[in-house]
Amino acid sequence: MRTRADFLIEHASAVATCAGSAPRRGRDQTDIGLLRNTVIASRDGAIVYVGSDADAVELTSNAVRIDGSGCVVVPGFVDPHTHIVYAGDRRHELQRRLAGATYAEIAAEGGGILSTVAATRAASVEELLASGRGRLDEMLACGTTTCEAKSGYGLTTESELKQLRVIRALDRSHPVDIVPTFLGAHDVPPEYRDLTAGGLAKAARRADYIRLVTDEMIPRVTEEGLARYCDVFCDVGAFTPEEAETILTAGRRLGLTPRVHADELAPSGGSLVAARLGARSADHLVFVNEAGVDALARSNVCAVLLPTAAFYLKLGRFAPARRLIDRGVPVALATDINPGGGFSPSMPFAMTLACFEMGMTLEEALVAATVNAAWSLDAADSVGSLQAGRLMDAVLVKGDLAELVRVGAAAIRMVIKRGKVVTRTSN
């Protein structure tokens with residue numbers, strides 16, 4: 001019996017299915033499941049057939065047929081770490097960094113996260129929806145069909161809820177599927193700081209804010225079902241490992257799986273917290289030390305690396321992707337879209353930096369941007385690979401895979417989401 005389908009991709013030069021078990025670790029991270037002479041068929045947005053026998057597929061009368069001649073088909077990219085909902089503009093900080101100022105110096109002067117917090121608190125829901133939709137449009141044009149999105153620019157209960165409600169509204173109205181994360185512990189807000197002491201929060205006030213996060217914010221977030229994950233920025237100048245563990249444990253009690261901003265600015269213990277708590281991901285890891293790598297290698301935590309952020313923040317180094325992969329840690333890539341250091345919406349650009357600055361092969365980078373990224377969001381059973389039962393989320397790359405690292409070139413011919421063409425170039 002032939003399989004009925006309403007959408008078909010045919011005549012592609014190759015299909016990188018990234019099919020199989022997830023996550024990919026070690027040498028298996030090079031396995032992109034490359035097939036030749038392959039058609040991909042879907043019905044009602046889900047893949048029903050991947051194989052070489054086009055006669056095995058019976059198309060409905062209104063089926064869409066895509067001619068993939070001269071293209072490689074890859075899964076839609078999955079971006080597992082973004083901050084797409086915010087207000088304000090911090091591009092002037094980029095100019096300061098180019099002139100030699102550090103991230104820490106800018107933050108100490110009232111810039112950085114707290115600058116965006118002020119703007120986001122003041123923004124209306126409509127303004128946040130409009131700007132967030134624009135960022136999603138840019139991501140989709142670059143091939144991203146699923147992403148994670150965090151709160152963290154409100155730092156009051158109502159402002160955090162406002163961000164998460166906007167994320168939910170965008171998920172319902174935009175082609176990109178969005179996985180929501182609560183990040184009330186992104187920074188200590190100004191009202192909980194002693195501004196006469198260089199902006200640092202006194203211990204008592206820090207404790208008050210942490211109680212606000214654990215005793216009020218997290219219960220409100222879970223009551224409305226606004227997030228699947230709870231994240232903490234565990235690093236110098238942000239939250240300590242002990243504080244992070246308190247917050248993440250409170251989130252887990254109410255059903256929020258932990259994620260951790262870890263070791264971005266210093267070897268501050270975030271990776272150890274992630275491993276100890278069995279977090280789904282430890283993100284950034286620019287300064288992860290041997291103890292952190294050892295802990296991650298013994299755990300089931302995904303290393304979500306953000307080379308775009310390290311690049312724009314001028315950190316002078318990148319996460320040790322080669323060491324993590326060689327130790328068997330599953331590695332994913334993300335853009336870290338945000339107003340201060342995540343200026344590119346492009347997963348192909350993140351892949352390029354991963355290859356040329358972090359020692360990854362192109363195949364490892366593709367797996368990191370698809371099936372491993374999906375696994376880091378507990379979504380590998382629906383996205384991140386091209387195999388029966390998964391969503392028909394796909395990107396047609398003109399030429400071969402190497403086109404993806406030609407920064408500035410029009411490498412993407414078409415983006416497909418749930419069996420519908422959502423973006424295409426003229427040729």
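The values are calculated or read from the model by the stated rules, or taken from the named source; none is laboratory data. Worth saying up front: this structure is predicted, and the values here are computed from it rather than measured. Neighbour counts run over all protein chains shown; Cβ positions are idealised from the backbone, glycine included. Side chains are part of the model used for accessible areas, which takes the heavy atoms of the whole protein and leaves out ligands, DNA and RNA. Shrake-Rupley method; radii C 1.70, N 1.55, O 1.52, S 1.80 Å.
State whether one or more residues within segment 360-370 are surrounded by fewer than 21 Cβ atoms within 10 Å (Cβ to Cβ), within 14 Å of the chain's Cα centre (by Cα), assigned to a loop (DSSP other than H, G, I, E, B) and modelled with pLDDT of 95 or more.
no
Filter segment 390-416 down to residues that are buried (at least 24 other Cβ atoms within 10 Å of the Cβ) and basic (Lys, Arg), then give me how many there are.
Of the residues in that region, 1 qualify.
Residue 68: under 30 Å from residue 237 (Cα atoms) and not aliphatic (A, V, I, L, M), yes or no?
No.
Just checking, does segment 314-329 include any residue being closer than 26 Å to residue 105 by Cβ, open to solvent by less than 10 Å² (accessible area, probe 1.4 Å) and of a type in the set (D, E, K, R)?
For segment 314-329, residues closer than 26 Å to residue 105 by Cβ, open to solvent by less than 10 Å² (accessible area, probe 1.4 Å) and of a type in the set (D, E, K, R): absent.
For segment 62-121, enumerate the residues that are of a type in the set (D, E, K, R), under 30 Å from residue 191 (Cα atoms) and open to solvent by 30 Å² or more (accessible area, probe 1.4 Å).
Within segment 62-121, 89, 91, 96, 105, 109, 121 meet the criteria.
This table checks each residue for (1) in contact with a Phe, Trp or Tyr (Cβ under 9 Å, 6 or more places away or on another chain); (2) at pLDDT below 95; (3) closer than 23 Å to residue 154 by Cβ.
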| residue | (1), (2), (3) |
| --- | --- |
| 305 | yes, no, no |
| 317 | yes, no, no |
| 320 | no, no, no |
| 326 | no, no, no |
| 341 | yes, yes, yes |
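Only residues in segment 213-236 that are closer than 24 Å to residue 177 by Cβ count as the first member; pair them with residues that are of a type in the set (Val, Ile, Thr) and open to solvent by 40 Å² or more (accessible area, probe 1.4 Å), Cβ under 8 angstrom, at least 6 apart or cross-chain, and list the lot.
228/257; 229/257; 230/257
Results for (1) within 24 Å of residue 376 (Cβ to Cβ); (2) in contact with a strand residue (DSSP E or B) (Cβ under 8 Å, 6 or more places away or on another chain); (3) among the β-branched types (Val, Ile, Thr), shown as yes or no for each residue.
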site: 175; (1), (2), (3): yes, yes, no
site: 181; (1), (2), (3): yes, yes, yes
site: 190; (1), (2), (3): no, no, no
site: 202; (1), (2), (3): no, no, no
site: 205; (1), (2), (3): no, no, no
site: 215; (1), (2), (3): no, no, no
site: 231; (1), (2), (3): yes, yes, no
site: 239; (1), (2), (3): yes, yes, no
